[in-house]
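The values are calculated or read from the model by the stated rules, or taken from the named source; none is laboratory data. Quick caveat, the model's predicted, so the values are computed rather than measured. Because the Cβ atoms are built from the backbone with ideal geometry, glycine has one as well, and the counts that use them run over all protein chains shown. All accessible areas refer to the heavy atoms of the entire protein, side chains included, with ligands and DNA or RNA removed. Shrake-Rupley method; radii C 1.70, N 1.55, O 1.52, S 1.80 Å.
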Amino acid sequence: MINFLKLISRNKLALFGGILLIIIFVVSFLSPLLPLKDPDVIKTSDRFLLPFSEGYLLGTDHLGRDLLSRLLWGTRLSLLVGISAALISATIGSILGTIAGFYGNKTDNVIMRVIDVLMAFPYILLALAIVAVLGPGLFNAMIAVALVNIPFFARNIRGVTVTIANKEFIDAARLSGMSNFKIIVYEIFPNILPVIVVTISTTVGWMILETAGLSFLGLGSQPPQADLGSMLGEGRSSLIVNPHTSYVPGAMIFLIVIGVNLFGDGIRDALDPRLSKGELVKPQPVTQIKLDNNVENNNNSFLSVKNLTTAFNFNNKLNLASKGVSFDIKKGECLGLIGESGSGKSVTALSITCLVASPPGVIVNGSVKFQGNDILKMNYEQIRELRGNKISYIFQDPLSTLHPLIKIGKQLEETFIEYNHQKNKEAVLKGKELLKLVQIPNIENVWNSYPHELSGGMRQRVSIAMALTNDPELIIADEPTTALDVTVQAQILSLLDTLRKERGLSVLFISHDFGVVSQICDRVIVMYGGQIVEEGKTENIMSKPRHPYTSQLMECVPHIGFGKRKLLTILGSPPSITYKKEIGCSFASRCLIKKDNCLNEDIKIVRKGDSEVRCLYPHE
Amino acid sequence: MNDIMDILSANNLSKFYSKNKGLFNKQSINLRAVNNININLKAKESLGIVGESGCGKSTLAKMLAGLIAPTSGEIKIQNKGINNYEKYELPNHIQYMFQDPISSLNPRKTIYQSLATPLKYLRKLDDKEIEKEIKSIIKEVNLKEEFLNRFPHEFSGGQAQRIGIARVLLSKAKIIILDEPVSALDVSVQSQILNLLNDLQKKFELSYIVISHDLAVIEAICDRIMVMYFGDIVEKSDAKKLFQNPYHPYTNLLLKSVPIKNQKIEIQSLIETELPDPINPPKGCSFFSRCENKAEKCKDINPSETVKGNRRFKCFFPNI
């Protein structure tokens, strides 16, 4: 709760709206206790007094009634009616929406079609019709406003419920013996509550306006009872001569709605999980670069990464995801990068062309020299010129990297035209040639398909074709086969291997799987806790790993051909990214051969022959 | 045909999803997910079901757990048809462990609350007994007691999977379906969970049905294996024999495709990888287009099950 208030108060406008609302609420609800004149007492001798007249702070209306008193009493009534209407329609709408979303099929169809019919009427017409049936009066107006707004809630809540009802924890609850009713109450309701609250907070202002609208038309509160709408209605007849009778209630409506909307936005921002996770923050096109010091990099390999350190900035604390990563790739070489989640392998790969989402990503140190130029010192245009051109990426899940609404052919054309500024015709030719290269059967068909119409393997082939469009020199492949079936994986690996050899491509291949890396890589780097722990030729590392992490990890991966058995394990789980500085070997807590001094000092990576290892006691 | 010893059996189990062709076309099209499958599971046994995405293995598993109703066929648990069980009785006998450990926990409930549900609704225990049971099970899966008051998002994948295991055990069901039990976990954590599952099976005399696309995982915990392809079981065998000598060409292809360190995969690179169209399944063998051993006959006739010793397979030209 305190956190929630903090979140809201960070948003200045929401705070302003909240304070405004609190003031209005307190004052109007205290109106019976305040030393006010009776709002309904008529004194025609004092009619149309202007504001700040003696005895009447806000003046009087056409019957000489005190406007201040009427305003506060009226606000109280309007707020009560508006809020009750919001609660009623939220309750009924949410129940209908939850039932429709949870049971689906026929129930859903029947409920939602009725709701659709309700929505088809213009709201004021429907409200008028309801009041006409029930008869005028504030209570009936409230019922009309509530009914009219039910569809809004029902539709919103239904959508959310459908998503939640298909989650695995609902199946799990069912398997725990819960009945449908209990599932709705105990499992689904807590998850849709934030949505209900957000919807209420954004609609309550609207409902106050609608009630006022009905009263303005004379269908809501009946004289002499005052509410904001009827005050406006009464003021309307003397609008030209005595405008203050309309301005006073008008200003109040304005303040209430502004307050509700600002505060409602604040609540939404604080409660919406996507917003609080920062998912809707638009990342910058280039990772923020704040280099502490200049890294000397005189290595002139094809790609040379030196001391690359990337952090995530959470609450002004830098959580280091990769810590001083250095490696190089020669022309035509395939370098494997092995690690578990949180090892920093993907962050390293993305940092090469500054693709780490910023915020929260920051590159705090290092140098990335590509063909002699330091990418971290380039401007946005220069970096953009490299991406998808000289350096291209293949990601794990092609379904999320391909645009779902654009046909495959169009997407391939776009990639080509972006850098070649040529006619569509050439782009089409090039695109089809590429699809042929990645061994896609039935090219014409695929060209005119949308990504979801293809299988996972075909989509990944399309991604590879797209990566090859502008004849790149370096391909960075981040777990390109992890989402695929084994038989398809084998095909994609052999395709990648053939292509890179034919075209002399350099590849940075990221994976968690030793078997996969063995198929394609010349050299391998093993990362753990954001650091490189071992580097060497693939066959050497695979047959004689020197770092205890590498060897222990290899031993605990199940291999085929050994039957049902007890597997070797590594204790504990991989370290998560933290801002704390830890001294010593990050693997020490899980290492089988650790000694006391492993935790005393930072361990340097040591080169021996053509391999490197970061360990005081490596296997020989 | 059902052995008395079988703790679970299913005969001629099928699932078709039907979909109307269009708004005004009443004719519906059938999408084949699981086609005429027979399964039997003995007590204390673990049976692996292996196959690639889209082969129908998850649909099959959910039918067995009573989460999806089959289109046709019968499922018996302890020799009693699952439709004959009382409304909330079935989960006392069969449980399902989900692939994604985090999303199978309600994000707004503490671990204690999540674990208490099966005890409260299935076993109808009172609060004191619930607390006792939870505290003992949490030790069984090597978690600390202080985790109980935390929420799911605070856990790593491995820890969440242990919580999932704990919940399944609390129901006291003897049959547990493990849907891709380790595929969402880090490599170094997978073996911990597999060992835990093996130990618990012995200790509580459980029967497992393990579903996975990973042959190595299946091999590490299963006694018997069924290979599924396109809604059908193409091969059934003891785990050991299957891996030594796969009969069906599809099993063979699966085994050969597994990447092993320091060993290059040898497969024909231009082989078709697409599954047949489930709306319009082929007349003959569904593996025809990808098969190395195919002949003219395979295209028109779907091979029926051949029994050889205690192995069964559906192929005219097996690799024997």
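Set the Förster radius R0 to 60 Å, insert the Cβ-Cβ distance between residue A:433 and residue A:26 as r into 1/(1 + (r/R0)^6), and round the FRET efficiency to 0.05. Once rounded, the FRET efficiency stands at 0.25. The stretch A:31-85 and the stretch B:202-234 have Cα centres lying 78 Å from one another. Taking label positions 7 Å along the Cα-Cβ direction at both residue B:263 and residue A:241, the computed distance is 10.2 nm, reported to one decimal. Amide hydrogen proximity for residue B:229: with H placed 1.01 Å from N in the peptide plane, the residues at 5 or more positions away or on another chain lying under 5 Å are B:234.
Note on residue A:452: accessible area approximately 130 square angstrom, rounded to 10, probe 1.4 Å, nucleic acids and ligands left out.
Label point 7 Å out from residue A:426 along Cα-to-Cβ: which residues of the stretch A:379-404 have amide N under 16 Å? Output list for this probe position: empty. Our Cα-only numbers for chain A put the radius of gyration and Dmax at 33.7, 108 Å. Against the longest alpha carbon principal axis of chain A, how many degrees, from 0 to 90 and to the nearest 10, is the axis of helix A:138-165 turned? Once rounded, the angle reads 10 degrees.
Taking each residue in A:175-185, count the Cβ atoms of any other chain within 10 Å of its Cβ, then average. What number comes out?
For this peptide, the per-residue mean of nearby foreign Cβ atoms is 6.
Divide the volume of the convex hull around the Cα atoms of the stretch A:1-144 by the residue count and you get 192 Å³ per residue. If you plug the beta carbon distance of residue A:162 and residue A:57 into 1/(1 + (r/R0)^6) with R0 = 60 Å, you get a FRET efficiency near 0.65. Peptide B:98-109 is shielded by partner chain Cβ atoms: per residue, an average of 5 of them sit within 10 Å of its Cβ. Accessible area per residue (1.4 Å probe, heavy atoms of protein chains only) ranks A:413, A:453 as A:453, A:413, with the largest value leading. If the Kirkwood radius is taken over C-alpha pairs of the stretch A:65-276, then at 25 °C and 0.890 mPa s the Stokes-Einstein diffusion coefficient equals 132 µm²/s. Relative to the longest principal axis of the Cα atoms of chain A, helix A:12-29 runs at roughly 30 degrees.
In order along the stretch B:218-227, the Karplus-derived 3J(HN,Hα) couplings, from 6.51 cos²θ - 1.76 cosθ + 1.60 at θ = phi - 60°, round to 4, 5, 5, 10, 10, 8, 10, 9, 10, 9 Hz, and Gly and Pro are given as x. Note the angle between two axes, namely the Cα long axis of helix B:187-204 and the longest principal axis of the Cα atoms of chain B, as a number of degrees from 0 to 90, rounded to the nearest 10. Helix B:187-204 sits at roughly 70 degrees to that axis. Classify the stretch B:252-320 as rounded, prolate or oblate, taking a ≥ b ≥ c as the square roots of the eigenvalues of its Cα gyration tensor: rounded when a/c is under 1.5, otherwise prolate if a/b is larger than b/c and oblate if not. Oblate shape, in that a/c is at least 1.5 and b/c is the bigger or equal ratio.
Distances longer than 22 Å among the Cα atoms of the stretch A:183-259: what percent of all pairs is that? Every Cα pair in the stretch A:183-259 considered, those over 22 Å come to 40 percent.
Reported value for the stretch B:1-155: 184 Å³ per residue, from the convex hull of its C-alpha atoms.
Quick one: grab the alpha carbon gyration tensor of the stretch A:235-383, order the square roots of its eigenvalues as a ≥ b ≥ c, and give me rounded if a/c is under 1.5, else prolate or oblate depending on whether a/b is larger than b/c. Since a/c reaches 1.5 and a/b is larger than b/c, the shape of the stretch A:235-383 is classed as prolate. For the residue pairs A:6/B:132; A:564/A:608; A:566/B:44; B:42/B:308, alpha carbon separations beyond 28 Å are given by A:6/B:132; A:564/A:608.
Listed by chain and number, the lysines placed with their C-alpha closer than 18 angstrom to that of residue A:306 are A:290, A:323, A:330, A:331, A:345, A:369, A:377, A:604; residues fewer than eight positions away on the same chain are left out. In this calculation the C-beta distance from residue A:610 to residue B:316 is compared with R0 = 45 Å, giving a FRET efficiency of 0.30. Sorting the segments A:77-90, A:19-32 by their mean number of nearby beta carbons within 10 angstrom, highest to lowest, gives A:77-90, A:19-32. Taking every residue in B:192-199 and counting other chain Cβ atoms within 10 Å of its Cβ, the average works out to 3. Computed over the stretch B:78-230, the P(r) tail beyond 23 angstrom holds 37 percent of alpha carbon pairs. Each label was represented as a point 7 Å from its Cα along the Cα-to-Cβ direction; for residue A:121 and residue A:397 these points are 4.4 nm apart.
Among the listed pairs B:80/B:256; B:57/B:80; B:261/B:297, a Cα-Cα separation exceeding 31 Å is found for B:80/B:256; B:261/B:297. Assign one of three labels to the stretch A:340-439, namely rounded, prolate or oblate, based on the Cα gyration tensor with a ≥ b ≥ c the square roots of its eigenvalues; rounded applies when a/c is under 1.5, prolate when it is not and a/b is larger than b/c, and oblate otherwise. Taking the square roots of the gyration eigenvalues as a ≥ b ≥ c, the stretch A:340-439 is prolate.
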